[in-house]
Amino acid sequence: MEKTIIAEGKTTNEAIENGLKQLNVPKDCVDIKVLENEDKRSFFSILAPRIVKVEMTIKENKITPKKEIHINKQEQEKANESLEKFLKEFIKQLPEGTKYEITNTQSHINVNITSQNHLGYLIGYRGETLYAIQNILSAIAGKGIENRIRVILDICGYKEKREKALEDLATKVAKTVTRTGQPIKLEPMQAYERKIIHSKLQQHSRVETISVGEEPYRRIIVSLKNKNQ
């Protein structure tokens, strides 16, 4: 089966539908990149037929499921020791009363930092600083360990609040798209944030979502479903 194709249509949705028919897979099995948008038309092309091109690539993990990595007890202990050593020094640089907690699962390590003081500067705009720190913690935890150690960081419950805000946004945008019939392009988001939007609207009867663009500028477009679906 061909893994990447270029599909065309008069609209983005039509191009995607044509591509899915060629690949014979559901939409959640492909990555979609809009190559030519129907809104970007020059004065000289105004009389030309409207064409939208999309690049569609079958997701590798949909063809061959990735094997979940399990962290054994010895690796957990070594990773925890490295994290403890770093976090003890890191916390000293933060406001008094700031605490951290490390918990383990078979597939990853959770680190939760809490404080009664404002730690917004550790979160950053849309969590950018938080994710940078999370990457650092993952690197520290995985030092000297063969398996990749995944650290999930949360600071003062930010992720739970962000998830609620994104779900509310998805609901609001879906209502607007349903009312106006016009697609809405959201701002670039982290992969996990896009997943929240996709999941929230996955069962919606009137709208659908696609991700377009390249990281770190990849974003979601919410649009009406094709009436023929």
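List of remarks:
- Filter result (under 22 Å from Ala15 (Cβ atoms) and either of a type in the set (Gly, Ala, Ser) or crowded, with 16+ Cβ neighbours inside 10 Å (or both)) within segment 199-215: Leu201, His204, Val207, Glu208, Thr209, Ile210, Ser211, Val212, Gly213
- Looking across segment 95-113 at every residue that is of a type outside the set (Val, Ile, Thr) and within 24 Å of the chain's Cα centre (by Cα), the one that is farthest from Leu153 (Cα to Cα) is identified as Gln106.
- Of the strands (runs of 3 or more DSSP E) that lie entirely inside segment 18-120, those containing 3 or more residues that are modelled with pLDDT under 85 and surrounded by 15 or more Cβ atoms within 10 Å (Cβ to Cβ) span 30-36, 52-58.
- Condition check for Leu122: in the same structural domain as Asn80 (by TED's automatic domain parsing) and in contact with a Leu (Cβ under 8 Å, 6 or more places away or on another chain): yes
- Restricting Gly181, Gly142, Gly157 to those that are small (Gly, Ala, Ser) and surrounded by 13 or more Cβ atoms within 10 Å (Cβ to Cβ) reduces the list to Gly142.
- Of residues in segment 196-215 being among the charged types (D, E, K, R) and part of a loop (DSSP other than H, G, I, E, B), the one nearest to Leu169 (Cα to Cα): Arg206
- When each of Ile221, Ile210, Ile196, Ile184 is tested for being touching a helix residue (DSSP H, G or I) at 6+ places or on another chain (Cβ under 6 Å) and either without any contact (Cβ under 8 Å) to a residue 24 or more places away in the chain or under 18 Å from Cys29 (Cα atoms) (or both), the lone residue that passes is Ile196.
Table: residues versus (1) loosely packed, with under 13 Cβ neighbours inside 10 Å; (2) in a strand (DSSP E or B).
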residue: Leu166; (1), (2): no, no
residue: Pro188; (1), (2): no, no
residue: Arg194; (1), (2): no, no
residue: Tyr217; (1), (2): yes, no
residue: Val222; (1), (2): no, yes
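The values are calculated or read from the model by the stated rules, or taken from the named source; none is laboratory data. Only a predicted model underlies this, so the values are computations on that prediction, with no experimental measurement involved. Glycine gets a Cβ as well: all are built from the backbone with ideal geometry, and neighbour counts include every protein chain shown.
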